[in-house]
Amino acid sequence: MILLKNLINKPPSSSLSFKSISESFVIKNINKYYTTSTNLNLKNNILFNNSDNKMSIDNKEKIRAGLEDLMKRRFFITQSFSIYGGQAGLYDYGPPGCAVKANLINLWRQHFVLNEDMSEVDCVSVTPEQVLKASGHVAKFADFMVKDEVTKAFYRADHILEAHIQTLLKDTSKMSKEQIEELNFVLAKAGDYNQEQLKQALNKYNVKAPETGNALTEPYPFNLMFQTQIGPSGLSTGYLRPETAQGIFTNFGKLYEYNGKKLPFAAAQIGNAFRNEIAPRAGLLRVREFTMAEIEHFVNPNNKTHPKFQEIQHIQANLLSSDSQDKSSEIEVCTFGDAVQKKLIDNETLAYFMARTQQFLHTVGIKPQGLRFRQHQKNEMAHYAQDCWDAEILSSYGWVECVGHADRSCYDLKVHATESKSNLSAYEEFKEPQFVDIAKVVVMPAAISKKHRAAVSPIKKYLTELKDDLTKALEIQETITKDGHYNLVLDGNTYDITADMVTISKAQEKKNGHTFFPHVIEPSFGLGRIIYSILEQNFYTRENDEQRGVLSLPAIIAPVKASILPLTSSDRIAPFVQTISKSLKEVNISTKVDDTGNAIGRKYARTDEIGIPFGVTIDFQTIEDNTVTLRERDTTKQVRIPISELSSTLRKLCDLTVSWSDILKTFPIYENQSE
């Protein structure tokens, strides 16, 4: 794990200082937000308050226990079906959790779908088997599992290896420096190990079942998709989707037409995905049903520049490259522009979406020193991927992948076009006619018929279509020349193609345009992981009072924007409660009234711990001059403000178009002894 001191010593510049920020009023004044109230919680948040930013086991447990107690007690989340004992990996969101999630989704739509002119779709969750066979999920969407040979309990192989290594590292007094480095290397790489590597590591470190100490089986793959039957016959197999992307790919033709048959364009989708995790753990970080927000940005493979790249090129980011992970594991702090220029990040479009993700995560409460981008290493990336970077967020569980950014090339469109026999290509018209290299393919049907009489048509069709795939065509010709034949696989059948059946050569053809499969840049957000990370990074306790937990959520995603707190239950105050509540709701400010008989300090504490940023207190002075006190959660400072200006002021605060420091300069400060 990279120590946070590497990040704090060289903090990135704000990701929200570029000149075109006015395109979205939501992130307009995030700099003010971070330089005022939010940073007050850092010294009391265990993630960020240590000089070297190492967390002991006790500290990790402390922050988890405090936050999890708050989340359960105030019903942010709860284990699903808890009255029946619950089910691992399934969680329900309560009212405040649901509100945070809804606010996060609304902001995501505005930040990406609206500001980037994306086309949003909503596709079904139940997916026919042939779709996921084509995408490769049926064959390869698996984790490796081991089993207790006696009790038959299941464990995910990399997780049980990681846990064992962590136990060994608790006492390194008798280990050499090399042994410690080796264990840390295995700990960092376990999640990327293949089946054989896991087998060797489990044997080498003598890993046993944690509860019983029994021997474990060798690791073997377990497909993570939930299988189901579509219809009453039981003959049509389907799966609950493991990601939302496939619905976008299969609808590419319609989306391409909807966008005027022009590239680039992007499609977005928000919805639930399902993965039958072997051993769910860590609350919302690893669950079996979760909400994703995914973007598929389709581009010409020969042009991956982005028209708005200049707006973000000077933003700095914390980058952990593939090379660095095998060496020093040092974070490199550099601008997105520099990263693209030196090919650390493959192209402008990929870097642009990484920058936009960073802006979004900072806006919703992820601290700059608690965010990094980690590049996939070669053994992690799919064979078709060009470049992949994960936005990882620091939590008490370590660095957690929350947003994936992948250049998936044209793999998805190509396999779906092949399997469905549909046109999922794009066409680009040249400004001037061009001579392009093509494959000149001469097919001899008579010769094919002699050996493959029943398959003449599909073989002829395949060979003829090689005209626009020069690389593949020349590969086939080279194999025929070298070996005397080529094994052509179509629909699971293998056909022997010989020199008398086809001749292929390179030629040129004058064209006005060309047809191609677009490449796709995919940012994929795991919203549950982001929500948990936000809550953990913004949870702290009041100084000198560890019993008073506070969620320092940005107002833009807070579950409730303002609490309305009548000082007493007097009939003279009640009408003001109704009037103020109504006026705030008219400008879309959500409110929560606490008219219990509790002391005002207790009321503040209850609203602070669920993240309500502002408190409106109605007292007897309100009756006299139509003013109320407005309190800010993190500073606990208050001002006296006329009711007539309350709703507009709160609207600006929630939109981040003014900061609390601006308010303190505008209205008289109110000293309250209850704090």
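The values are calculated or read from the model by the stated rules, or taken from the named source; none is laboratory data. Since this is a predicted model, take the numbers as computed values, not measurements. For neighbour counting, all protein chains shown are included, and Cβ atoms are generated from backbone atoms with ideal geometry for every residue, glycine included. Only protein heavy atoms, including side chains, enter the accessible area calculation; ligands, DNA and RNA are left aside. Shrake-Rupley method; radii C 1.70, N 1.55, O 1.52, S 1.80 Å.
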With a 1.4 Å probe and every protein chain left in place, work out the accessible area per residue of region 142-223 in Å², rounded to a whole number. 59 Å²
Semi-axis lengths (Å, descending) of the ellipsoid that matches the C-alpha gyration tensor of the chain: 52, 31, 24
Show the residues, 5+ positions off or on another chain, whose built amide H is closer than 5 Å to the amide H of F265. F298
For region 560-666, which whole percent of the accessible surface, found with a 1.4 angstrom probe, sits on carbon and sulfur atoms? 49 percent
Scaled to the compact-protein estimate 2.2 N^0.38 Å, what is the alpha-carbon radius of gyration of region 208-301, rounded to two decimal places? 1.55
What Kirkwood radius, in Å to one decimal, follows from the Cα pairs of region 93-171? 17.8 Å
For region 179-231, count all C-alpha to C-alpha pairs, find those more than 16 Å apart, and express that count as a whole percent of the total. 57 percent
With a 1.4 Å probe and every protein chain kept in, tell me what percent of the accessible surface of region 325-455 is carbon plus sulfur. 48 percent
5 Å-binned pair-distance histogram of region 426-513 (Cα, whole percent): 3, 14, 22, 23, 15, 9, 8, 5, 1, 0
Simple SL model, points at 7 angstrom along Cα→Cβ for N272 and A574; separation in nm is 4.2 nm
Under a 1.4 angstrom probe, counting protein chains only, how are Y91, Y239, Y384 ranked by accessible area, largest first? Y91, Y384, Y239
Pairwise label distance in nanometres, E257 with Y84, each label 7 Å out on the Cα-Cβ vector: 4.4 nm
For A279 paired with T167, estimate the spin-label separation in nm (one decimal), with each label point 7 Å from Cα along the Cα-to-Cβ line. 1.0 nm
Reciprocal of mean inverse Cα separation for region 590-647 (Kirkwood radius, Å): 12.0 Å
Rounded to a whole number of µm²/s, how large is the Stokes-Einstein D of region 560-666 at 25 °C and 0.890 mPa s, given Rh as the Kirkwood radius over C-alpha pairs? 179 µm²/s
Restricting to bridges with both residues inside the chain, how much of the DSSP beta-bridge set is antiparallel, in percent to the nearest 5? 90 percent
Considering all projection directions equally, how large on average is the shadow of the alpha-carbon convex hull of region 581-620, in square nanometres? 3.3 nm²
Angle, helix 157-168 long axis vs. longest principal axis of the chain, Cα atoms, 0 to 90°, nearest 10? 50 degrees
Cα gyration tensor shape of region 142-223, rounded if a/c is under 1.5, else prolate or oblate by comparing a/b with b/c: oblate
Once the piece of chain linking K461 and N512 is laid out straight, how much longer is it, given 0.36 nm per residue of separation minus the C-alpha distance between them? 16.0 nm
Potential lengthening between A139 and M381 on full extension [0.36 nm per residue; Cα-Cα distance subtracted]: 85.5 nm
Treating cross-link reach as a plain straight distance, find the lysines whose alpha-carbon is under 16 Å from the alpha-carbon of K511, omitting any fewer than eight places away in the same chain. K431, K440, K467
Name the residue from F539, I331, F373 whose Cα lies farthest towards the positive end of the charge dipole of the chain, charges +1 on Cβ of Lys and Arg and -1 on Cβ of Asp and Glu. F539
Mind listing the phi-derived Karplus ³J(HN,Hα) values for region 190-200, rounded to whole Hz, using 6.51, -1.76 and 1.60 with θ = phi - 60°, and x for any glycine or proline? 3, x, 9, 5, 7, 4, 5, 5, 5, 4, 5
Just to confirm the number: angle between the C-alpha axis of helix 95-108 and the first principal axis of the chain, 0 to 90 degrees, nearest 10? 60 degrees
Order of 424-435, 158-169, 611-622 by packing, highest average Cβ count within 10 Å first? 611-622, 158-169, 424-435
Could you give me the percent of Cα pairs per 10 Å distance bin for region 137-190, shortest bin first, beginning at zero and ending with the bin that holds the maximum distance? 21, 38, 28, 12, 2
How large is the accessible surface per residue of region 560-666, computed with a 1.4 Å probe and reported in Å² as a whole number? 42 Å²
Could you work out how much longer the chain between K440 and N487 gets when fully extended? Use 0.36 nm per residue separation minus the Cα distance between them, nm to one decimal. 14.9 nm
Tell me the mean residue ellipticity at 222 nm calculated for the chain from its helices only (DSSP H runs of n ≥ 4, each -39500 (n - 2.57), averaged over every residue, nearest 500). -9500 deg cm²/dmol
Residue list for region 478-504, given a label point 7 angstrom along the Cα-to-Cβ vector of A447 and an amide N cut-off under 18 Å: 478-489, 495-504
Share of carbon and sulfur in the accessible heavy-atom surface of region 142-223 [1.4 Å probe, %]: 51 percent
Cα-based Rg then Dmax for region 68-121, in Å, read 15.3, 45
Probe 1.4 Å, accessible area per residue of region 426-513, Å²: 65 Å²
Aspartates and glutamates whose Cα lies under 14 Å from that of K147, excluding same-chain neighbours fewer than 8 positions away: D158, E211, E218
So what does V442 come to for accessible area, using a 1.4 Å probe and Å² rounded to 10? 60 Å²
